[in-house]
1. Is there a residue being outside any loop (DSSP other than H, G, I, E, B), surrounded by 10 or more Cβ atoms within 10 Å (Cβ to Cβ) and touching a His at 6+ places or on another chain (Cβ under 8 Å) anywhere in the stretch 19-31?
2. I need a count of the residues in the stretch 32-55 that are of a type outside the set (D, E, K, R) and not in a loop (DSSP other than H, G, I, E, B).
3. Could you tell me which residue of the stretch 32-55 is modelled with the lowest pLDDT, considering only residues that are surrounded by fewer than 14 Cβ atoms within 10 Å (Cβ to Cβ) and of a type in the set (Ser, Thr, Tyr)?
4. Just to be sure I understand, how many residues within the stretch 1-18 are among the polar types (S, T, N, Q), out of contact with any Asp or Glu (no Cβ under 7 Å at 6 or more places or on another chain) and either surrounded by 11 or more Cβ atoms within 10 Å (Cβ to Cβ) or at pLDDT 80 or above (or both)?
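The values are calculated or read from the model by the stated rules, or taken from the named source; none is laboratory data. Only a predicted model underlies this, so the values are computations on that prediction, with no experimental measurement involved. Every residue, glycine among them, receives a Cβ derived from its backbone with ideal geometry; neighbour counts consider all protein chains shown.
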Amino acid sequence: MDEVNLTEFAAAHGGNRSLAAAQFLARAGIDARSVAGGTGEWLRTGRAVATGADA
């Protein structure tokens, strides 16, 4: 079986909860990153977002 390397990205509205989640995952040995500025910044900069049942 091939080895799979994954990075987990965490996002929360302002970024604080996602940073805490990413740090928690990193302590468990998971490559995790927090989205800087959270989903609020993501939306303000016009990046795509998928929501609802089709996401």
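1. no
2. Final tally of qualifying residues: 7.
3. THR51
4. Selection size over the stretch 1-18: 2.
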